[in-house]
Every structure is written in structure tokens, then in C-alpha cells.
Amino acid sequence: MDHLFDRRIIFVGGKGGVGKTTTAGALGLMAADSGRATLLVSTDPAHSLGDVFDTRIGNEETSLSPNLTGLEIDPEAEAERHIATVKMSMKSLVAPKMYKEIDRQLELARHSPGTMEAALLERMADLMADARSRFDLLIFDTAPSGHTIRLLSLPEVLSAWSDGMLGHQDRSRRLGELLRVFGRDHSREDEFGMIGGSKEEPDDSRDGRIQDILLTRRRKFHRARALLTDPTVTAFLLVLTAERLPILESRKMLDLLRKFDVPVAGMVVNRLLPPEADGDFLQERRAQEQEYRDEIDSTFARLQRVHLNLLPHDVHGVETLLEIGRAILRQLGQPREDLRAAEAP
Amino acid sequence: MRITWANIKRWFRRLAYLASEAYNAPYRGMVARAKREQDDLFMLLIFSEMMGIPNPATYYTLELQPIMLEKFHEWHKRAGMEHSPLDDFRCC
Amino acid sequence: MTAIVPALIGMVLIAVGYFVYSKFIAEKIYQLDPNFETPAHSMRDDVDFTPTNRVVLWGHHFTSVAGAAPIIGPAIAVIWGWLPAFIWVIGGTIFFAGVHDFGAIWASVRNQGRSIGSLTGDVVSLRARTLFMIVIFFLLMMVNAVFAVSISNAFVATPSSVIPSWSAIAVAVVIGVLIYKMKVPLLWPTVVGVIMLYSVMYLGELFPVELPQTFMGLGAAPQWIIILFAYATIASMLPVWLLLQPRDYINGIQLIIGLGLLFGAVFIANPTIVAPMYNTVVPEGTPPLLPLLFVTIACGALSGFHGLVASGTTSKQLNKETDARFVGYLGSSGEGLLALVTIIAVSAGFASLGEWQTVYAQFGGTIGISTFVAGGSQIVSDGLPLSQAFAATLLAVMAILFAATTMDTGVRLQRFIIQEWGTIYKIPALQNGYIATFLAVGACLALAFGAGGADGQGGMLIWPLFGTTNQLLAGLTLLVISVMLVKLRRRYIFTLVPMVFVTTMSFLAAIYQLWDLFNGGSYMLMTLDVVVIILAIFVILESTSAFSREKKAAAAS
């Protein structure tokens, strides 16, 4: 793995509870200390980023330490905003007695799962596009595997959708042009009065607005997809523990990530039993763990792996995270300058 | 009607109008119908979620719905339904 | 007798018919109201319903209906003598076709622009409506088949018409591209197109084309039939602005020029009619004048097909109800003129009675467009400074292009119907455009060869059957109009008499043909005929019951 922090976007993902947030936090601190302006974003609805840093973060960018900013995306708030805009547009077009109906209908839409994911994706895509000018590195702490996979596949799905819709619009526009060629000669006052002219204008402007919206969306999806699949820009880091279910899930995740062309940079094998842990009970566990480690080594042979030991205490607070961060970077063979910067008191 | 240059020109213009109508009028309907069907399809795709058809892009069709509201209304009127056919969505 | 006499009498009578009879029908029977809000206004959507200038509507109606049929029918029918054909054409145009076309528009306009087919369901019965749809499909099949046969016979008889007819496609495409793609205003492409078309006719004379006598076991005419259907298939799939639209336009221009040349030539050349007024020595195998005359000449006297056009698009575009008289009655009058001039061409265009009898040595056969061309070109070259060869090419190309356009439209319509059946009966395969077109063309080919045999020569046997079915349709339409009149407590005799007459004649003709086809061994056509007879019986039964039902209802209230 070449310098991890040369990428602009890093996703940290894996099964629930394997230590994604701590890894993401640790990496964030390391990057910040190496002089890079870093944004740490949580897309997990059950946000734990704030807990790990012992602060409240929320839907606004919050400073966590010099160069490090945190953000917990609230998809509900996003969806709320979006739907409020739609409501306002609709209400401006119908009679007041319909307002209740519109509210009811759009409330239902708000709670559908697709809406949440799309709102999340929106925010992510915006961050990926805009934040790059303000930050050197974006690190996403993602939701447990399934959600994330769907999320990462959305740009492709939505690109296809917007392409299709634009295709329909295009066909309609061409037929409209044909119709205009066949149209009546407007320069001469038609003996039946103005035909077509008055009807055409609102249609044209409506079509124009639809076109604009669809094109903006499509651009955003295409952009997001381009960034996501560019190995010089994005890296996905899989976190797992040496246990049966995480290994199975990681394998599935890897396949899906490859299918969607998301570049996978490496794996973090977390919570391994440290050498100093002793006792018969733990020896047995260590034996089993070794089996799993072997499995990991053989299954994911071509991925660079980092091994992190189980710590004697909970992970939270900047100090512990720094410790973990150093451990990771050391294993990655990162340049000495970065490590030194991290070790300086 | 006297045979003046103006009259001839007027007569000529009328002939041109009739010829152009003769050329185009029979085909307008065909093309207009095709366009209308295409537009109806697009409109229904936007409202597909409301019709019970799951759509990955609901979030995005939602923002297009206010713009297409008028077309939805025109469509159900044209299809002979006095009011919106969807129980949940009444536009009139 | 000089041909000018029937020409003049015919024209005068038709004019009187328009000014007197149609006025009477318009005011007293249909009671047209200039202030009635037509569907073009009340249901206006600028897609199907849009008010259109009545001259344009008339032009479109006229050019849609005045096809090759008013040429072929009279050409064949003169075998019984020119007078019977003349009387039927003039009388039919004035009292039957005028009322029918006119009434179809009126009936549709007063019923939200619905087509006659759909009205039949309301006014008569749903069964009648199904009948209607079946009849239409058969009609289309027969039209396509018989026109293909006619055109191929014409190609064989007039080889100089081959190149110009096919070049007309190129001319149309050029016009289409100029107008649509390059946005040139209509005038110049029109002029250029017309000049190109008539210039190519000279070329046609210099380079006549004849297909090999036998190729893969088929004679020249059958080869043409296959080529024609291949063309119709392709043409029905091209965008309308490329071929269909400009070609319709050119046809309209040709019709005006052709009629002008023919009538002009008649009045200048003053040819003598050589055909007998009433032929007492009809050739062996000619069916009896009664009832066959009335189904041999359909278009030009009365044709149910027009009701489809009238209630299909015309009624939805009518600006004022009073326009219906101008568009409908005058439209069929125009067609009557074409039939009239054909009668004259094939009666007076030959040098002597003997020559005429040689041409009319048998009923049908190859008589049709080529006969019209032979006779007409003689008159035109006598009356105008044009060589007979050129005149022949001109007339042949005109008739061929009329028939070809009908074929295209016919194939297209059949495809729509098949696709609709696919939707109604939930057969996805039928909804596919290619499959539907293939089926439509296949059915027509089967009919063309099945009727005519491998040499396709017997194809014209379909003609009387086509006429019969056509008249049945007319009968149904007249029934709908009559029932409407009964409901409105108006005099219905003016539509009822034509209806009874035409239905009776079709029924009798169908029965006669059954016997005739059986004897001739044309079993396929015979089966078709049986179907037509069954349909005819249904029509009669449904009509009688509907009519008496309505009369009782009207009397009761």
C-alpha cells in the first residue's frame, strides 16, 4: 500500500462492532497530526464517533483537534429538508384544501428506507465534491456492511436512472420539434385564433426545469461514481476481527466492492489477543484465533493487512486513539516523518 | 375582385397556406399523439412510487413531482377519470 | 355519340346534386347548425381534435378516398355497356355516396367525434360492433391484395411506368428531406418535385423495364406482387415525414393535374364513344349486371371505406358543422368525377367497337388500370400536344401511385389492428411491430396468390368480393345514420333506401359469387365469400331488429 494518506477519500467499513469507528478516529488523528486538514464523517445512523472522541458532534462540522473536524450526518434532517422543499413547491400549485393531503403523502415518503439512503448519499456526494477544496482528506466511518454496500452502489443505479429519464425527455423533445415543423404558420393570424402558441410556452419552461434538475442530478451521480472508483482518490479499508462471522462478511463485502469497482486498500485485523495475555482459557482462545488468522491470511492473501491488538481498556479519548494510530502507521511502513510528528509530545 | 398586384399576392399567400396545411395537417395528430404517449410515460414514472411501484430513485422523483402535477391532472382527466385514481393522492 | 355529352351531363348533374340535393339533406334531414360546437372545439387537444380549414379537410378527404378504386371499378364495369355504369356512378354519387360520406361525418360530429365502429356498438348492438371490426380487417386485406395485383398488372402492361413509379419514391424522399431536414418552405420543393416527377416520365418512356418472364417459377406479375409487398412493409416502418407525407402531397397534385388533363382532353378532342350503351353480347362468363354492377363499382358510387376516413379523422377536425356538407358531399362528388372520366376513357378511348370488344373479351382478368391507361392516353394525346406514350406513362404512374399509397396505409392500419388484438387478447407476440407487419403482409400475400394461383393472374377475382364487403360496410354506416334519424324523429327514407338497396345487392352478389367461385374452383375465395355472406346475414338481422326497436321506442315516447 502506498501512502494511505495520499488518497483524498478513505472509507472504513466492516461488520458491526469490529472497531470501525476507532480505526477511523485513529487514522483521522494521525492524518491531522501529519499536517493534513482532515474531515472525519460518520454515516452510521447509530453514530459512535462522538462517543469515541468524548464529545458531541452532530450534523454540524465540529472541531475535534487541530486539523481534525468531525461530522455526524443526520439523514433524517437531510430528508426533512428535501421534503420540505417539495412540499412548498406542491402547495404553491394546489388549492389550500389539498395541503393536508400533500403533507400526509410526503410524510409517508420521508420514512421509506430508500429516502434515508438517498439523503445520506446526497450529503456524501456533496461532501466528496465540495469538501475536497477545504480538506486534504475525508475519512468516512460507515454503517455496518449491508447499508454501506447499498450506499456505494447507489451512484451507479441512480446514474442509470437519470440517464433513462433524460432519454425519455430527449425523445419527447425531438417529437416536439417534429411537431413544431408541422405546426401552423404563426406569422399569419390563423383563422381559428392563436393555436399552440399559448400552450407551448409553459410546456417549454417546464421541460426546461425538468431537464435542468435531471442534468444536475446526473452530474452529481456521475461525479460521485467517478470519485468512488478512482484508485488514486479513494481507498476502502476493511476492518474485521479474527472470528467466524466477521470473516464471512468481509469476504462478501470484498466481492461486492470489487463488483462496484471500489478500490480496496487493505484490511485491519482488530482485537487480536496480545502476547502477554495468558492463562489456560485464553490459550484455548488463542489457538482458535490462530486458525482464523490463518484463514484470513489465505483468503485475503493479496490485501495488505494490519494487525491490532486488544487493549486492556475501552478505547476513547484522543490519547488512546493516537496510540492505535501509531500502531497502524508503523505496520503500514509509513514515512518516518509522519510517525515522528505523531510521537512528538 | 379586381386583379391587382396586392390581390394576386394575397391569393398566392392563401394558396401557400392551404398547401402547407395540406402537407402538414394530416400528420400533426400522429406525431402529437406519439409525443403525448411519451410524456405520459415519463409522468407516470415520476409518480410510480405513489402507484405502488417501488422505485430506487423515489427521493429524486419526489422533487420532480410538483412540476409534473399539472400533467398528472391532465392525464387523469384525459383518461376519463374525474378525479385522481389514486386513493392516497388527490390533486383535485 | 360524342363523349362530351355524358361528360357534360355527368358534371352538371353532380353540380346540381351538390347545390340542390345536398342542401336539402343538410337543412331538412341532418339539420346542420353553424353554431353547433364541434368536437374539434369542445374536445380540442391539438392531438386528435383540432379545427382545420375546410378546404384542407376536403382536400385530404378527397385525396384519401379518390384512389385507384374509382378507376379500376368503372374500367371493369363498362363491359355491361357504358350507360349502366354511368347511371350507377352519377346516381350513386348524388343520392348514395354523398349522403353516406356526409352523414358519416355528421353522425360522428354529433357524438363527440366517435368513429362509426364505436357508434355501431351504441346505436345497433355490440355484436354489430364486432362485426364491423371483422369486416374492416377483411376489407383491408382485400384492398391490399387486389391493389397489389392491379399494380403488377399495370407494370407488366405499361413497362414505361416502372421507372417513374419507383422514382416517385426518390422524389418524395427528396421533398421530405428538403422540407423537414433543411426547412425549405413548401413552394420550391413542390415545384422541384413536380418537375422531377414529370421529367422522369420521359425517362420511363426511353427505358421501359420488364421483369423476366419466369424467375424462380414465378411469372413477371407475381414477381411484382412480391416486390410490392416488400416495399409496403419497409414503407410502413419509415418515419412519416420521409416518405408518406410528401408522397400523399404529390398524389394530391397528380390527381388535380390528371383530372384536368383528362377532362380538358375530352372537351378538346371530342372523342366518339365506341362502347355499346348497353352491351347485349357480353362475353362468356360475365356475371349478370344485376347485382354485380353495384359491387364492381363501389368507390365512385358508394363506398363504406370512406365512412372510416370520414369518422376516423375528418369529423374530429371539422371546424363548423356546416362544413360537413362541403367536405363530405363534395369529397365524394370529386371521386364521382374521377369515375366518370374513367368511364369515358374506356368507352371512347378506342378506335372502334371491334377494338373495344377485343379489349373487353372477358370479365375482369387484366382489365383495370391498364385499360384506363390505354383509353385515356388515346384521348389525351388526341386532345393535347402530348405523345400517347407519354400520356400513357403519366396516367399509369398516377393510378399506380394512388394504389400504392392505399397499400401502404392499408398495411399500416392492419398492423395497428393486429397490435390492438394483441393488447385486448393479451398475446404479447402480436404487439410487436415487426411480427404484426409480417402477419398483415403474409395474410395479404396469401390472399393475392391464393386467389390468383401461382401466376397471380386470377387476383382480380377478389375485386367483386372487395366491392361486396365494402358495400356491407356502407350498409352498416347508413344503418347507424338512419337509426340516429329515427331517434331524432326525422325523415329517414333518404338514408334507408340506399341502405336497403346496397345491402340487398351485396347479399345477392355474395350468393351469386358463391356459386360462381365454386364452379371456378377458387376455394379460398369461396371460403372468404361464405364469411362475407354470414356477415351479410348478421348485418341484415341486426339492422332489422335495431331499426324496429328504435321505431317502437320513438313511437312510444
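A short reminder: the numbers here are calculations on the coordinates, not readings from a lab. Not measured: the values here are computed from a predicted model. Here Cβ is always computed from backbone atoms with ideal geometry, including for glycine, and neighbour counts include all displayed protein chains.
Model label sites at residue A:310 and residue C:195, defined 7 Å from Cα along the beta-carbon direction, differ in position by 9.8 nm. Considering only C:433, A:39, C:476, and ranking their Cα positions along the charge dipole of the protein assembly as shown that arises from unit charges at the beta-carbon of Lys, Arg, Asp and Glu, the one farthest toward the positive end is C:476.
Angle of helix A:113-126 to the longest C-alpha principal axis of chain A, folded into 0 to 90 degrees and rounded to 10: 80°. The alpha carbon convex hull volume per residue for chain C rounds to 148 Å³. Here the spin labels are modelled as points 7 Å beyond Cα on the Cα-Cβ line, and at residue A:285 and residue C:490 they lie 10.0 nm apart. The eigenvalues of the Cα gyration tensor, multiplied by 5 and square-rooted, give region C:425-557 an equivalent ellipsoid with semi-axes of 35, 21, 11 Å from largest to smallest.
What does the extension gain come out to for residue A:104 and residue A:211, with contour length at 0.36 nm per residue minus their alpha carbon separation? Before the final figure, lay out the partial values.
Working: separation 107, 0.36 × 107 = 38.52 nm, distance 2.80 nm.
Full extension from residue A:104 to residue A:211 adds 35.7 nm.
Within region A:1-42, what residues put their amide N at less than 19 Å from the label point 7 Å along the Cα-to-Cβ vector of residue A:301? The answer is A:1.
For the pair residue C:209 and residue C:174, what calculated FRET efficiency results from E = 1/(1 + (r/R0)^6), where r is the Cβ-Cβ distance and R0 = 25 Å, to the nearest 0.05? After rounding to 0.05, the efficiency reads 0.75. So what is the relative contact order for region A:4-82, in percent, with contacts set as C-alpha pairs under 8 Å and at least six apart? Once normalised by length, the contact order is 26 percent. Here each label is just a point 7 Å from Cα along the line to Cβ, and for residue C:384 and residue C:187 those points are 2.4 nm apart. Per residue of chain C, the DSSP helices (runs of n ≥ 4 H) give a summed -39500 (n - 2.57) that works out to -23500 deg cm²/dmol at 222 nm.
For trypsin sites (Lys or Arg not before Pro), the sites in region C:127-205 that DSSP calls loop and that have at most 16 other Cβ atoms within 10 Å are C:181, C:183.
Counted over chain A with a bin width of 10 Å, the fraction of Cα pairs per bin, in whole percents, is 5, 21, 27, 19, 12, 8, 5, 2, 1, 0, 0. The residue C:44 and residue A:230 beta-carbon pair, evaluated with R₀ = 51 Å, returns a calculated FRET efficiency of approximately 0.40. If the elastic network links every pair of Cα atoms under 10 Å, which of A:174, A:302, A:271 fluctuates the most in the Gaussian network model of chain A? Most flexible of the set in this elastic network: A:174. DSSP beta bridges confined to the protein assembly as shown are antiparallel in about 15 percent of cases.
Helix A:197-228 and the longest principal axis of the C-alpha atoms of chain A enclose an angle of approximately 10°.
Taken over the alpha carbons of region B:5-78 as equal point scatterers, the Debye sum produces base-10 log I(q)/I(0) values at 0.17 Å⁻¹ of -0.72. Computed over chain C, relative contact order equals 29 percent, with contacts defined as Cα pairs under 8 Å that lie 6+ residues apart. Phi angles across region C:319-326 convert, under the Karplus curve 6.51 cos²θ - 1.76 cosθ + 1.60 with θ = phi - 60°, into 3J(HN,Hα) values of 6, 10, 4, 5, 5, 4, 5, 4 Hz, Gly and Pro given as x.
Screening chain C for whole DSSP H helices of 30 Å or more along their axis (Cα) with average Kyte-Doolittle hydropathy at least 1.0 returns C:126-157, C:244-269, C:462-487, C:493-520, C:523-556. Calculated FRET efficiency, residue B:53 to residue A:243, Cβ-Cβ distance, R0 = 60 Å: about 0.90 to the nearest 0.05.
Within the same chain, lysines fewer than 8 places from residue B:35 are excluded, and of the rest, those with a Cα less than 30 Å from its Cα are A:87, A:91, A:199, A:220, B:71, B:77, C:181, C:183, C:316, C:320, C:426. Each residue of region A:151-166 was assigned a 3J(HN,Hα) from its phi angle through the Karplus expression (A = 6.51, B = -1.76, C = 1.60, θ = phi - 60°), giving 4, 6, 7, 4, x, 5, 4, 6, 4, 4, 4, 5, 4, x, 5, 5 Hz with x at Gly and Pro. Distance from a point 7 Å along Cα→Cβ of residue A:251 to each backbone N in region A:1-45: keep the residues under 19 Å and list them by number. Hits in region A:1-45 for residue A:251 at 19 Å: A:14-16. The translational diffusion coefficient of region C:174-280, from Stokes-Einstein at 37 °C and 0.692 mPa s with a Kirkwood hydrodynamic radius over alpha carbon pairs, comes to 186 µm²/s. Using only Cα positions of region C:336-400, each an equal point scatterer, no hydration layer, compute I(q)/I(0) via Debye at q = 0.11, 0.17, 0.24 Å⁻¹ and quote the log10 values to two decimals. The computed values of log10 I(q)/I(0) come out as -0.23, -0.56, -1.07. The amide H of residue A:14, built 1.01 Å from its N in the peptide plane, has A:145, A:239 as neighbours under 5 Å, considering only residues 5 or more places off or on other chains. For the protein assembly as shown, the alpha-carbon coordinates run over 130, 68, 63 Å along the three principal axes, in decreasing order. Per residue, the average separation of C-alpha pairs within less than 8 Å and at least 6 apart gives chain A a relative contact order of 27 percent.
Relative to the longest principal axis of the Cα atoms of chain A, helix A:20-33 runs at roughly 90 degrees.
Net charge of the neighbourhood of residue C:36, taken over other residues with C-beta under 9 Å away and scored Lys/Arg +1, Asp/Glu -1, is -1.
Taking a point 7 Å out from the Cα of residue A:259 in the direction of its Cβ, the residues of region A:154-173 whose backbone N falls within less than 14 Å of it are A:154, A:156-157. Around the amide H of residue A:236, modelled in the peptide plane, lie the amide H atoms of A:11, A:264, A:265, A:266, all under 5 Å away and 5 or more residues distant in sequence or on another chain.
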